[in-house]
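First the structure, in the form of structure tokens, and then the observations on it.
Derivation of every value follows stated rules applied to the coordinates shown; laboratory data play no part. Fair warning: this is a prediction, and the values are worked out from it, not measured in the lab. Cβ sites come from the backbone with ideal geometry, for glycine too, and all protein chains shown count toward neighbours.
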There are 2 protein chains.
Amino acid sequence: MRQRMPTIHDVAREAGVAASTVSRAFSNPRRVNVHTRQHIVAVAERLGYRPNPLARALPSGRTTTIGLLLPDVTNPFFFGIIRGAERQANAAGYTLILMDTEESPEVETHNVERLGRAVDGFVLASSRQSEADIRAAAGRNAVVLINKQVAGVPSVVIDNTEGTRQVVEHLASLGHRSLTYLSGPPASWSNANRWAALRESAGRLGMRVTRIGPFSPTVSGGAAAADAAIGRGATAVVAFNDMLAIGTLRRFAERGWRVPSDISVVGYDDIFGADFCSPPLTTLASPREDCGRTAIDLLLRGGRGEVVLPSHLVVRGSTGFVTG
Amino acid sequence: MRQRMPTIHDVAREAGVAASTVSRAFSNPRRVNVHTRQHIVAVAERLGYRPNPLARALPSGRTTTIGLLLPDVTNPFFFGIIRGAERQANAAGYTLILMDTEESPEVETHNVERLGRAVDGFVLASSRQSEADIRAAAGRNAVVLINKQVAGVPSVVIDNTEGTRQVVEHLASLGHRSLTYLSGPPASWSNANRWAALRESAGRLGMRVTRIGPFSPTVSGGAAAADAAIGRGATAVVAFNDMLAIGTLRRFAERGWRVPSDISVVGYDDIFGADFCSPPLTTLASPREDCGRTAIDLLLRGGRGEVVLPSHLVVRGSTGFVTG
DNA sequence: CAACTTTTGGCAACCGGTTGCCATCACCTT
DNA sequence: AAGGTGATGGCAACCGGTTGCCAAAAGTTG
């Protein structure tokens, strides 16, 4: 049997004071006499009183809750972001709630509208919504974006420009004269950022670059990407992200191609799993905890600008000298 | 600049009707004349009206929101559970919010109390709370447990008894005469369930079983486990879960032990990564999507009992014949 | 001891919705 | 034309807190 929750009025009656006094005893203790307060607290304790967060939030409009929306909570890329956001939110006395939007712009928009007044603000990581919808959301709620840029909306982005230059130089130093980019979702900001950086860096070093795809940024998407890359005669592939790169590794193994002696593979993000796949993946690591932390910080401080965080190269076994 | 959100009263004034009529136009459409309703809807649309979920929930006590609490959202074990719960909740018109409790009983209890009235119920997956706290929570809210049993609280558990028998028979058929269990968290229900099943099945087949640990169920915990297992001269180890097993594989590789020719390794759960580690892991797969789906179902239907779901063996490259 | 200040508690309005009840009115019946 | 029925909209109370304002009580000062 579920019990009826005692309210502030129950406590007031039982303690022989007015409801407003009970309210103040909790939310503004110095406003009520010490003895009265102790009595009220004791009664509340005995009755098992818990303040109703909804009722409390209604007049004030503050919920001390922040919503973090992700296209896919099971994508290891977001783990660091979750951790960082969580820590920072807790440190500031906020509760972080996570929502998975299942890669759907509609689900994301719907949840933002539905949760609107139930949170103090949103962090939208790799949002799939249209710019218009994001602007609309930012008009109603405090919003901070991660890895997406919309004019007028504060954001935190991981910049791969400098890191990508390191990737290209690493491949060049191993003797590669060309590379193939396995592209990810066309709508992805990171995908555009990575491809642009790759073209520019490769161009500067006189390397040939081609792009194939788009592929689904998942392990299974890697099979198609691997097959397509073999067809192109590539000696090095740079995948949109680690998931795609890991899928590519598996497919190469299935088809008898050896990595890195037959072909080198580079990923992006350095996710969980990148260091225990076979061979371990060379990848461009991004400061994702920082990213989550900074986003919450921006949200709570009402920051306005755009924060850019750099990434760095991690060399492992999937890249090697060109042979033949 | 953030806009003031229009309320039902703004719409009412603008449409020239009473607030109650606007309310009904949305929540009980057949209660108001078609033309009035259309007019109200048009005005609401023009003003950008969005119902305030808090205000709506306050009188009714219903939020159409369910909280799923997890000790660690980044643990791949929970991915399937999240997916299953999400699907089922959405299908029933509920919003699922996720909360990470960071393996802490205190954080979990605190969040359950804080969110109490803000959700219609909780699914607690692998709860770290004490039985007393869980009972208290179940007294105030609808609660369903996953992989934990508390008398009187409905639950969904994955039963490894039968699956573990398959693991032991598989190892026996490969010529193993003994096995070592690498145990996980002492407080874990699954850990107890797995060890008990292992003892019983092995005993029936006349195999020797020993247990070492406990080890942290993480990749890094696997290093210690591997070293300890080598010291025992084991030919086969069964790890508490896949994370631990993967960590063990890595450590064996570092120390030059070959899997499976020198030693066989078995995990539990079949998480993301279990099929692309090296060698791919033999493991006992559990129906985790089912688990999440069933938990939500139980919660919404007000189910009372305990649902038991079976697991099944997936044989991959980490188990092989005993040599020497 | 009067006049003044500070402390303390209560009243009542409010946050933004929902809903029971009632009044009105159009439409039917016979 | 009187009486009955169903559809429709409004009033007001309520959900569980918060808070501005006021008055009574207590403390301070000369």
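Data table
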read-out: Ascending list, in nanometres, of distances separating the B:PRO310 label from those of the other copies (7 Å, Cα toward Cβ); value: 5.8
read-out: Compactness relative to 2.2 N^0.38 Å, alpha carbon Rg of chain A; value: 1.30
read-out: Integer Hz, Karplus 6.51/-1.76/1.60 couplings in order for region A:57-64, x for Gly and Pro; value: 6, 4, x, 7, x, 10, 10, 6
read-out: Residue with peak Gaussian network fluctuation, chain B [Cα springs, cutoff 10 Å], from B:ALA15, B:ALA57, B:ALA142; value: B:ALA15
read-out: Electrostatic dipole magnitude of region A:8-51 [Cβ: Lys, Arg +1; Asp, Glu -1; Cα centre; debye, to 20]; value: 180 debye
read-out: Inter-copy label distances at B:GLU254 (7 Å, Cα→Cβ; nm, one decimal); value: 3.2
read-out: Shape metrics for region B:124-230, restricted to C-alpha atoms - Rg then Dmax, Å; value: 16.6, 53
read-out: Karplus (6.51, -1.76, 1.60) ³J(HN,Hα), θ = phi - 60°, over region B:215-230, in Hz, Gly and Pro reported as x; value: 10, 5, x, 9, 4, 5, x, x, 5, 4, 4, 4, 4, 5, 5, 4
read-out: B:ILE158 long-range amide H proximity, modeled H, under 5 Å; value: B:ASN147, B:LEU309
read-out: Fraction in percent of alpha-carbon pairs per bin - 5 Å, region B:154-288; value: 2, 11, 23, 26, 22, 11, 3, 1, 0, 0
read-out: Placed amide H near B:ALA142: partners under 5 Å, 5+ positions off or other chain; value: B:PHE122
read-out: Mean shadow area of region B:5-87 over all directions, Cα convex hull, nm²; value: 7.8 nm²
read-out: Tilt relative to chain B, helix B:161-173 - C-alpha long axis, 0 to 90 degrees, to 10; value: 30 degrees
read-out: Pairwise Cα inverse-distance average, inverted: Kirkwood Rh of region A:75-125 (Å); value: 12.0 Å
read-out: Value of Rg to Rh for region A:8-51 (Rh from inverse mean 1/r over Cα pairs, i.e. Kirkwood); value: 0.90
read-out: Within a Gaussian network of chain B (alpha carbon springs, distance under 10 Å), most fluctuating of B:VAL307, B:VAL41, B:VAL157; value: B:VAL41
read-out: Efficiency of FRET between A:GLU103 and A:SER60 - r from beta-carbon atoms, R0 25 angstrom, step 0.05; value: 0.10
read-out: Exposed-loop-free span, longest in chain B, where trypsin sites (Lys or Arg not before Pro) count as exposed if DSSP calls them loop and at most 16 other C-beta atoms lie within 10 Å; value: B:63-176
read-out: Interchain or long-range residues, amide H under 5 Å from B:THR74's placed H; value: none
read-out: In degrees, nearest ten, helix B:131-140 long axis to first principal axis of chain B (Cα); value: 20 degrees
read-out: Relative contact order of region B:177-310, pairs being alpha-carbon contacts under 8 Å that are 6 or more residues apart, as %; value: 20 percent
read-out: Integer Hz, Karplus 6.51/-1.76/1.60 couplings in order for region A:301-311, x for Gly and Pro; value: 8, x, x, 10, x, 10, 9, 10, 10, x, 10
read-out: Computed E for B:THR323/A:ARG258 - FRET, C-beta separation, R0 30 angstrom, nearest 0.05; value: 0.70
read-out: Exam field: B:GLY48 pseudo-label spacings to other copies (7 Å along Cα-Cβ), nanometres; value: 4.4
read-out: At 1.567 mPa s and 4 °C, Stokes diffusion of region A:58-164 via Kirkwood alpha-carbon radius, µm² per second; value: 91 µm²/s
read-out: Rg and Dmax of the protein assembly as shown, Cα atoms only, in Å; value: 27.7, 90
read-out: Cα centre as origin, Lys/Arg/Asp/Glu Cβ charges: region B:1-111 dipole, Debye; value: 1060 debye
read-out: Contact order relative to length of chain B, as percent, for alpha carbon pairs under 8 angstrom and 6 or more apart; value: 17 percent
read-out: Net length gained if the chain between A:GLU306 and A:ASP159 were fully extended (0.36 nm per residue, minus Cα distance); value: 51.8 nm
read-out: Given charges at Cβ of Lys, Arg, Asp, Glu: region B:8-51 dipole, positive-most of B:VAL34, B:ALA19, B:ILE8; value: B:VAL34
